[in-house]
Amino acid sequence: MSAIPTRADLAALPAYVPGRTVPGAIKLASNEVPGGPLPSVADAIAKASGEINRYPDMGAWALVERLAGEFDVPTSRIAVGCGSVSLCQQFVQALCAPGDEVLFAWRSFEAYPIVTQVGNATPVRVPLTSSHTHDLDAMLAAITPRTRLVFVCNPNNPTGTAVRRAELTRFLDAVPSDVVVVLDEAYREFVTDPEVPDGLEFARTRPNVAVLRTFSKAYGLAGLRVGYAVAADEVIEAVRKVYVAFSVNALAQTAALASLDAKDELLARCADIVAERTRVRDALLDLGYEVPETLANFVWLPLGERTTAFAEHALAHKVVVRPFTGEGARVTIGTREENDTFLEAARAFSA
Ligand SMILES: *Cc1c(COP(=O)(O)O)cnc(C)c1O
């Protein structure tokens, strides 16, 4: 046995559980979109692949400038990262000293406790309400002098629920100005309710509000790893300092730019998914399932103790869902045919 000293606290680190890929089964487990890359995006990637002997642009400047133009903010207010998961970790590293607290709802995105502990900060989880939404009053009450960072995932992964403008404004008004609130909007493009605010409304005017977005979901680039943050200059400056050099690779930068060129086409695909979301949720409600209102590209089934059995049953019907043991199952909206296969499985389970 070797005795190499590693960080003792890593033993207590929760593992990130990725959605499973089972050959021959339909994967509705990772909130990916079902469509492969558009021909224009695939072409751009193929062209860029001829130069992968070169390092990527370290600051991804073409992409930063493009995003700055899209949102009409200075480039000093945008940071790109190797997926927005990576940016979540950068926020912790940039803002927290050991023992500082990072606050988030629970259940929410499973990366939050992991990146918090990796960053030597202390996770503070505030339970969702009984209707599976953020309890912003309880989160406010949980802020202490050690709190440096609050993640608000909107819409929330894995429940799909979203906080509205009025309650979010009240919350942000009450959060101390030296606590940074990160609005994680990975599913922004699937939001159809105008009362769910675009986080940029807040990030433009409030120095302690940041917005996180990703190319992994609506833009279909989960395999390439690129996301971005919009925040105040001084926050972005700090977040960039803890960036792992060259971690946003060249193909990801090119593909993100090509995807912005094809934005209309990609957003049209999101509209199809939104239509399917309504159809799937309505069908599940008809079958007697509880399904919270969702504004993302997935549904949440709070099945409690039946969760594991449900996931196994779905797998027997060749559908992979994402179970959270003892809590519920998250099911991504796929193509119409995939969703029909899932609904068949759900029908057989409730019967
Ligand atoms: C999927 C997801 C992300 C995006 O992660 P990437 O690292 O950009 O792929 C970020 N936040 C939440 C809540 C997500 O569900």
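No other residue among ILE4, ILE78 is of a type in the set (Val, Ile, Thr) and open to solvent by 30 Å² or more (accessible area, probe 1.4 Å) apart from ILE4. Residue check: is ARG66 more than 24 Å from the chain's Cα centre (by Cα) and in the same structural domain as VAL124 (by the TED database)? Considered against the rule, which asks whether it is more than 24 Å from the chain's Cα centre (by Cα) and in the same structural domain as VAL124 (by the TED database), ARG66 comes out as no. Taken as a whole, the range 210-221 holds at least one residue that is open to solvent by 10 Å² or more (accessible area, probe 1.4 Å), aromatic (Phe, Trp, Tyr) and under 21 Å from LEU260 (Cα atoms). Residues that are assigned to a helix (DSSP H, G or I) and closer than 23 Å to LEU266 by Cα within the range 62-82 comprise ALA62, LEU63, VAL64, GLU65, ARG66, LEU67, ALA68, GLY69, GLU70, PHE71, listed in sequence order.
Considering every residue within the range 94-102, establish whether at least one is buried (at least 16 other Cβ atoms within 10 Å of the Cβ) and within 15 Å of the ligand (Cβ to nearest atom). Scanning the range 94-102 turns up at least one residue that is buried (at least 16 other Cβ atoms within 10 Å of the Cβ) and within 15 Å of the ligand (Cβ to nearest atom). Cβ-Cβ distances below 7 Å connect the following pairs, each with a first residue in the range 84-106 that is more than 12 Å from ASN120 (Cβ to Cβ) and touching a residue at least 60 places away in the same chain (Cβ under 8 Å), a second residue that is hydroxyl-bearing (Ser, Thr, Tyr) and away from the ligand (no atom under 11 Å from the Cβ), and a separation of six or more residues or different chains: SER86/SER247; GLN90/TYR243. Across the range 230-266, the qualifying residues are those that are open to solvent by less than 20 Å² (accessible area, probe 1.4 Å) and among the small types (Gly, Ala, Ser), and the one among them that is nearest to TYR55 (Cα to Cα) is ALA252.
Can you say whether ASP57 is over 24 Å from the mean Cα position of the chain (by Cα) and part of a helix (DSSP H, G or I), as far as the supplied structure shows? If you could, list the steps in order and put the result at the bottom.
Details: over 24 Å from the mean Cα position of the chain (by Cα): yes; part of a helix (DSSP H, G or I): no.
It is false that ASP57 is over 24 Å from the mean Cα position of the chain (by Cα) and part of a helix (DSSP H, G or I).
SER30 passes every criterion in (1) of a type in the set (Ser, Thr, Tyr); (2) outside any loop (DSSP other than H, G, I, E, B); (3) outside the structural domain of ALA231 (by the TED database) apart from (2). Would you confirm whether any residue within the range 273-284 is surrounded by 20 or more Cβ atoms within 10 Å (Cβ to Cβ), outside any helix (DSSP H, G or I) and either within 22 Å of the chain's Cα centre (by Cα) or free of Cβ contacts under 8 Å to residues at least 60 places away in the same chain (or both)? No: zero hits. Is one or more of the residues making up the range 210-220 within 16 Å of the ligand (Cβ to nearest atom), over 15 Å from the mean Cα position of the chain (by Cα) and either in a loop (DSSP other than H, G, I, E, B) or at negative phi (or both)? For the range 210-220, residues within 16 Å of the ligand (Cβ to nearest atom), over 15 Å from the mean Cα position of the chain (by Cα) and either in a loop (DSSP other than H, G, I, E, B) or at negative phi (or both): absent. Selection of the range 236-271 for residues being assigned to a helix (DSSP H, G or I), among the β-branched types (Val, Ile, Thr) and within 20 Å of the chain's Cα centre (by Cα) yields ILE236, VAL239.
The values are calculated or read from the model by the stated rules, or taken from the named source; none is laboratory data. This structure is a prediction, so every number in the text was calculated from the model and none was measured. A quick note on method: Cβ atoms are made from the backbone with ideal geometry, for glycine too, and the neighbour counts reach across all protein chains shown. The accessibility values were calculated without ligands, DNA or RNA, using every heavy atom of the protein model including side chains. Shrake-Rupley method; radii C 1.70, N 1.55, O 1.52, S 1.80 Å.
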